[in-house]
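J.: Quick one: this structure, given as structure tokens, is what I'll be asking you about.
The values are calculated or read from the model by the stated rules, or taken from the named source; none is laboratory data. Just so it is clear, the model here is predicted, and its values are computed rather than measured. Using ideal geometry, Cβ is built from the backbone for each residue, glycine included, and neighbour counts are taken over all protein chains shown.
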């Protein structure tokens, strides 16, 4: 692939060219347009990431898709074999073995990089001229994996579910783009280690954004075989050195309107006034939302205007998860969350639920209004520094960034 330089005021753009992709507009052209229009600030670290995405786009356009993987029907296994098929790791590909297709791209960056990774993923996915592609938030993808495994068991399947899941994914999605790729659950780590091995062996391409590099996952020890696979099958690019922190571009007046603190009478009044303004005289009532056989109750909702009011205890003190939060995010474009206390790392379940709640709202581009006891940076009360606590503090950094960014419609 040839590269040439086109100079413009304020920087240099590297443009990759290939005859196969000549009819597809360059991602760097789109990026330059965004810089000129003032939508983003030019950043050489972002340009380097786009070069990796452009190279992948060119290879995908030029190469034919792989044949669908065969689905083998196993003879009825023993109880031990059925258990082992679910939790035992598949043999990880050797690090010397080349992926069955172009390498994917794994972009990561800490707090302040969320808007950057989302913008880069938007450009790549929207301009990839393939039908066999899918973009999905990692939370939603894992919910679908668990639901499909449950369906196979209900249908009487007793063999290894991974080949069936792989075949279904490859039929519809040669390229899988994941937003907010992160693994915090041991069971998910064990399943993904086998599923992604099979997918990549079958020629699937993974493009992912994350807030941390593959080597620093929350379940790193259990995930080591997959880490090797991911690093071998993807170009890993850090956006940590990006000079643009998009949190600093938010207007402080707008932030103050969306996030009220501390919890006092004056802020409560302003918080409810914002809610009443958006409800616009609609009668507020209780609604029930269904997801995966569960019912999620929203006690204060204005369905016509797609606005609701929730309390932190209802959302984070009860045993709710990503599926419950996503059904709320799909039903309402504006969510008010009140009574957010200071969080303590020793109450991990509460903290994890709040992290997941904010992630789900952010993924669905929900406008999130908050009434909290402290500013985002001060919400988490730090105590001991055990391994689990350090991991949660790292994950909470992303939540702080989301609270500063989530009001973008």
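J.: When residues of segment 347-377 are filtered for being without any contact (Cβ under 8 Å) to a residue 40 or more places away in the chain and out of contact with any strand residue (DSSP E or B) (no Cβ under 9 Å at 6 or more places or on another chain), how many remain?
T.: 4
J.: For segment 133-165, how many residues are surrounded by fewer than 18 Cβ atoms within 10 Å (Cβ to Cβ), out of contact with any strand residue (DSSP E or B) (no Cβ under 7 Å at 6 or more places or on another chain) and not in a helix (DSSP H, G or I)?
T.: 4
J.: So is residue 185 touching a strand residue (DSSP E or B) at 6+ places or on another chain (Cβ under 8 Å) and modelled with pLDDT under 90 or not?
T.: No, not satisfied.
J.: Checking residue 129 against (1) at pLDDT 90 or above; (2) surrounded by fewer than 18 Cβ atoms within 10 Å (Cβ to Cβ); (3) within 20 Å of residue 363 (Cα to Cα), which single condition isn't satisfied?
T.: Among (1) at pLDDT 90 or above; (2) surrounded by fewer than 18 Cβ atoms within 10 Å (Cβ to Cβ); (3) within 20 Å of residue 363 (Cα to Cα), residue 129 violates only (3).
J.: Which members of segment 316-352 meet the condition of being under 19 Å from residue 400 (Cβ atoms) and in a helix (DSSP H, G or I)?
T.: 316, 325, 348, 350, 351, 352
J.: Another question, then. Which residue is nearest to residue 173 (Cα to Cα), if the candidates are limited to segment 52-93 and must be touching a helix residue (DSSP H, G or I) at 6+ places or on another chain (Cβ under 6 Å), at pLDDT 60 or above and in a loop (DSSP other than H, G, I, E, B)?
T.: 68
J.: Let me ask something else. Across segment 283-300, what is the total count of residues that are more than 21 Å from residue 354 (Cβ to Cβ) and surrounded by 14 or more Cβ atoms within 10 Å (Cβ to Cβ)?
T.: Number of matching residues: 2.
J.: For residue 168, which of the numbered conditions (1) buried (at least 19 other Cβ atoms within 10 Å of the Cβ); (2) outside any strand (DSSP E or B) fails to hold?
T.: The number of the failed condition is (1).
J.: Select from segment 353-378 the residues that are at pLDDT below 90 and assigned to a loop (DSSP other than H, G, I, E, B) and list them in ascending order.
T.: Across segment 353-378, the qualifying residues are 364, 365, 375.
J.: Taking residue 184, is it touching a residue at least 60 places away in the same chain (Cβ under 8 Å) and either buried (at least 21 other Cβ atoms within 10 Å of the Cβ) or in a helix (DSSP H, G or I) (or both)?
T.: Against the criterion (touching a residue at least 60 places away in the same chain (Cβ under 8 Å) and either buried (at least 21 other Cβ atoms within 10 Å of the Cβ) or in a helix (DSSP H, G or I) (or both)), residue 184 does not qualify.
J.: While we're here: Give the residues of segment 297-314 that are in a helix (DSSP H, G or I) and out of contact with any strand residue (DSSP E or B) (no Cβ under 7 Å at 6 or more places or on another chain), sorted by residue number.
T.: 314
J.: Can you say whether residue 49 is modelled with pLDDT of 50 or more, more than 27 Å from residue 172 (Cβ to Cβ) and not in a loop (DSSP other than H, G, I, E, B), as far as the supplied structure shows?
T.: No, not satisfied.
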